[in-house]
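The values are calculated or read from the model by the stated rules, or taken from the named source; none is laboratory data. Remember, it's a predicted structure, so these values are computed and weren't measured experimentally. Because the Cβ atoms are built from the backbone with ideal geometry, glycine has one as well, and the counts that use them run over all protein chains shown.
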Amino acid sequence: PEAYAVMLAAASVGATFSSTSPDFGTDGVLDRFGQIQPVVLFATDGYWYAGRHHDLTRRLAEVVEGLPSLRRVVVVPQDPAAGPTGDLPAGTIDMASFIGPHGVDAVQFHELPFDHPLYVLYSSGTTGKPKCIVHRAGGILLKHLVEHRLHCDVRPGDRIFYFTTTGWMMWNWLASGLAAGASLVLYDGSPFHPNGNRLFDLVDEYDLTLLGVSAKFIDSVAAADLRPIATHSLSSLRTVCSTGSPLSPEGFAHVVTDWKDNLHLASISGGTDLCGCLVAGNPTRPVYAGEIQGPALGMDIDVVDDAGHTVATGVRGELVCRSAFPSMPLGFWDDEDDIRYQAAYFDRFPGLWHQGDFAERTDEGGFVIHGRSDATLNPGGVRIGTAEIYRRVEQLDEVAESLVIGQPHAGDVRVVLFVVLATGAQLDSELLERIRTSVRTGASPRHVPAVILQVPELPRTRSGKLVELAVLAVVEGHPITNLEALANPEALAHFRDRPELADATP
């Protein structure tokens, strides 16, 4: 809660706020904060996750040493009753000492322009230093009010929760629920500790009306055979939001069958770039499995071909926005003449915002996201979305999760599939054939992997997203310059120097 208090206090005086997750290493924090050179740093001295305590005092000292711009460092003790632990940097004060001299008065704030910079958010940075994205106060507030009040039906007095760290844009998104009159419910820890019902326990304990999770969380609950519809009331819950990656039709079915059958399941898709949604849920329209219901209000969404022309319904292409929208960034930090900003979003299709998602419009007016277009496979010159393969592979009980890349090979591109198997499963000839058959019959012969390899784990960003591009870089022998962006960078070792892939040629 202190992080939200600091953010609101900063906004009230016109200071620009930025945050990262406590689980970032020193380099990950400095790759972000080192670019924007903050003058005040608020930090915790530790956190708990999955029953284990993580002390951050040594890391805090390293971060402070790497930020010469700092004029004040304030520590928020993980345990306020015990106070800060460990050796803290010289000159550091705790939160109680920082606010102690100041009385509690009526809320005061400075009136500022619509375009006043509110946040600096960061791209994932898996292929280089993160981009520092500057967002305006008015645009963020307007965009989030639309999404909360209209798309998610958040009402005054509601209690809303999104499982997120302070380093993901959904933390900022959740904050704006206050403007809709809702209360924010916060949780510090693992969603699977002490067991997979933890978030459903929170729904019943705090009468949550909105539960926000990732598609990966839904898949994990389904894989664990959990059925909260049989073990929990969930009577207060009206809306479930899913984001982070495409939610499969099976994921939709699991929620309405095994969670609750009379709620609004809103699969949403957007990004840190706009701190909001391009396509979102709609509580007034039917939900179709595997689809996002439609464009977010105020977003002129289209799907286009490589020439920037609108494609027909059911045809896959690039997801774009044709008109300006309120939460477009002010720009990138320290980007003179907006050169990097223009290159990121407008070089591919001049005059159109290019989001970088491979998508199609459906007959029902909704959208299907097939994955990131920069990770799209291109065997034989035919573009294939990674999500199509994941869906077919992961419906097999033996496959816990999977990751696919397009490896340059013999003047073309071949599909390489990596799988993490369920406990007790073996990647024998029978399972290999079942995987290929599932992909061939459920997608197309072009989707069938040329190579299928087993790995013990898959690398992900700290917000849970697969990093296909980082895996491809490792397979091709290229260095990964920003391992701090990954939650489990050690997993990349499982993809390096695989003899099965050594015969590839450009």
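Before moving on, here are some points about what is shown:
- Pair list, Cβ under 9 Å, 6 or more apart: the stretch 427-440 residue under 16 Å from GLU401 (Cβ atoms), other residue among the acidic types (Asp, Glu): LEU427/GLU398; LEU431/GLU398; ILE435/GLU398; VAL439/GLU388
- Members of the stretch 473-497 that are closer than 15 Å to PRO408 by Cα, surrounded by 14 or more Cβ atoms within 10 Å (Cβ to Cβ) and out of contact with any Phe, Trp or Tyr (no Cβ under 9 Å at 6 or more places or on another chain): ALA473
- Within the stretch 285-297, residues that are within 17 Å of VAL146 (Cα to Cα) reach partners that are among the charged types (D, E, K, R) and assigned to a loop (DSSP other than H, G, I, E, B) with beta carbons closer than 8 Å, at six or more positions or on different chains, in the pairs GLN293/ARG285; GLY294/ARG285.
- Residue match in the stretch 82-89 (condition: surrounded by fewer than 15 Cβ atoms within 10 Å (Cβ to Cβ), under 23 Å from the mean Cα position of the chain (by Cα) and at positive phi): no
- Residues satisfying the stated conditions in the stretch 161-181, i.e. in contact with a Pro (Cβ under 6 Å, 6 or more places away or on another chain) and more than 20 Å from PHE200 (Cβ to Cβ): GLY181
- For the stretch 225-270, a residue qualifies if it is of a type in the set (Lys, Arg) and within 26 Å of PRO295 (Cβ to Cβ), and exactly one does: ARG238.
- Scanning the stretch 8-42 for residues that are of a type in the set (Ser, Thr, Tyr) and not in a loop (DSSP other than H, G, I, E, B) returns SER12, SER18, THR26.
- Residue match in the stretch 243-254 (condition: assigned by TED's automatic domain parsing to the domain that holds THR164, assigned to a helix (DSSP H, G or I) and within 19 Å of the chain's Cα centre (by Cα)): yes
- Qualifying residue in the stretch 185-201 (condition: among the aliphatic types (A, V, I, L, M), modelled with pLDDT of 95 or more, outside any helix (DSSP H, G or I) and farther than 23 Å from ARG361 by Cα): yes
- Residue identified as of a type in the set (A, V, I, L, M), in contact with a Leu (Cβ under 8 Å, 6 or more places away or on another chain), in a loop (DSSP other than H, G, I, E, B) and not assigned by TED's automatic domain parsing to the domain that holds SER190 among LEU70, LEU60: LEU70
- No other residue among SER323, SER327 is of a type in the set (S, T, N, Q), buried (at least 20 other Cβ atoms within 10 Å of the Cβ) and either touching a Cys at 6+ places or on another chain (Cβ under 6 Å) or not in a strand (DSSP E or B) (or both) apart from SER327.
- Scanning the stretch 111-132 for residues that are at pLDDT 90 or above, in a loop (DSSP other than H, G, I, E, B) and either surrounded by fewer than 11 Cβ atoms within 10 Å (Cβ to Cβ) or under 16 Å from the mean Cα position of the chain (by Cα) (or both) turns up GLU111, PRO113, LYS131.
- Meets criteria (farther than 24 Å from LEU112 by Cβ, in contact (Cβ under 8 Å) with a residue 40 or more places away in the chain and more than 21 Å from the chain's Cα centre (by Cα)) for GLY51: yes
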